[in-house]
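The values are calculated or read from the model by the stated rules, or taken from the named source; none is laboratory data. Bear in mind the structure is a predicted one, so any value in this text is a computation, not a measurement. We place every Cβ from the backbone using ideal geometry, glycine too, and count neighbours over all the protein chains shown.
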Amino acid sequence: MKKTGLRGFFYKILCGFLLGLSIVAPGISGSVIAVMMGIYDELISIVANPFRNLKKNILYLIPMGIGAVVSAVLFVVGFKYLFENYLTPTFFLFIALIVGMFPSLYKKTKVGDFEPKYGIAFGIAIVLSLGLALMNQLFDEDTLLNQLFSLDFAASSFDTPSWYFLCLCGLVAGMVSIIPGMSVSIVLMVLGVYTYLMTAAAELDVAIIGMVGISFVVGMVLFSKVVKYLFDHYSVAGYYAVFGFMIGSIFGILPPLPVSGGEWLLSVGMLAVGGGLSALLSYAGKKLNVQD
């Protein structure tokens, strides 16, 4: 699939915008968005071989970079405000966005007859993602997990994690980012650095953002060939696994129930907004996606 012309340029800006959103929004998988928008295979090929057709790759990625930067500037500050003031309704917005991706992914699994290996892939993904969700519930960001790394590896205080622990977190997040269905932000929560990195981004801490960003890219490149091989040879099973990861990710971000009538109304409204946005994204993907 090749995006060309002005429509293709703006389509890739939109894709970059959504990919940037997926990094800061808990439970939303950037790879799933890439699959839904029809750019996943191209991105994996570029990441797996970044220096092959270097000029072409750079031109392909520039509009996505523009979209990702705009997204980061808007949503890092915006989500920080929403989390601080409307925590439960905000998570319901994310849940609706995730569920809204199901129809697009369902089409990817309707290739031939169902085989037992598809069910196995789905089941393994469910177990893994539920395990991650359980860790997220058990290991609060500033408690047990961070203490486990306090012995000369990561700082014992959540406010000052060591630079090498942050690099490790960036490396892991980069590896996770290219697995469809896996949420970078949920993994960062489990590692205990999500709030720290959100604050650093909101305050434009270039040193922290650059250090974690470089580690993130290294993780993507190191793991991309493995993921590319799996989807090249076992694509349908891979998409069944994506479904499993997505369902599990919902459990990972289930918020406490609303406590007042106003919060209930706002939560229901956020569910409607999330569903509408998902439908709009699916429509945009069909209308703007340019193929040769």
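Filtering the range 79-115 to residues that are under 20 Å from SER22 (Cβ atoms), modelled with pLDDT under 80 and of a type in the set (Gly, Ala, Ser) leaves GLY100, SER104. Of all the listed residues (MET36, MET64), the sole one being within 25 Å of GLY244 (Cα to Cα) and either hydrophobic (A, V, I, L, M, F, W, C) or in a helix (DSSP H, G or I) (or both) is MET36. Annotation note: Cβ proximity below 7 Å between a residue of the range 11-25 that is farther than 13 Å from SER177 by Cα and a residue that is among the basic types (Lys, Arg) and surrounded by fewer than 24 Cβ atoms within 10 Å (Cβ to Cβ) (sequence gap 6+ or interchain) occurs for TYR11/LYS3; LYS12/LYS3.
When the range 67-98 is filtered for residues that are over 21 Å from LEU14 (Cβ atoms), of a type outside the set (S, T, N, Q) and either touching a helix residue (DSSP H, G or I) at 6+ places or on another chain (Cβ under 8 Å) or touching a residue at least 12 places away in the same chain (Cβ under 8 Å) (or both), the ones remaining, listed by number, are LYS80, LEU82, PHE83, TYR86, LEU87, PRO89, PHE91, PHE92, ILE95.
The residues of the range 223-273 that are of a type in the set (Ser, Thr, Tyr) and within 22 Å of VAL172 (Cβ to Cβ), listed by number, are SER224, TYR229, SER249. Of all the numbered requirements in (1) touching a Phe, Trp or Tyr at 6+ places or on another chain (Cβ under 7 Å); (2) without any contact (Cβ under 8 Å) to a residue 60 or more places away in the chain; (3) closer than 30 Å to LYS110 by Cβ, GLY174 misses one, and that requirement is (3). Just the residues that are hydroxyl-bearing (Ser, Thr, Tyr) and in a helix (DSSP H, G or I), please, taken from the range 162-176. TYR164, the sole residue that qualifies. Residues that are within 23 Å of GLY244 (Cα to Cα), assigned to a helix (DSSP H, G or I) and either in contact with a Cys (Cβ under 9 Å, 6 or more places away or on another chain) or among the hydroxyl-bearing types (Ser, Thr, Tyr) (or both) do not occur anywhere in the range 54-61. Within the range 231-253, the set of residues being exposed (fewer than 15 other Cβ atoms within 10 Å of the Cβ) and of a type outside the set (Ser, Thr, Tyr) comprises ASP232, HIS233. Listed by first and then second residue, the pairs with beta-carbon distance under 8 Å, at least 6 apart or on different chains, first residue in the range 32-48 and farther than 11 Å from LEU105 by Cα, second at pLDDT 80 or above and polar (S, T, N, Q), are ILE44/SER224; ILE46/ASN57; VAL47/SER224; ALA48/SER224.
Taken together, SER22, SER45 contain a single residue that is modelled with pLDDT under 80 and within 21 Å of VAL226 (Cβ to Cβ), which is SER22.
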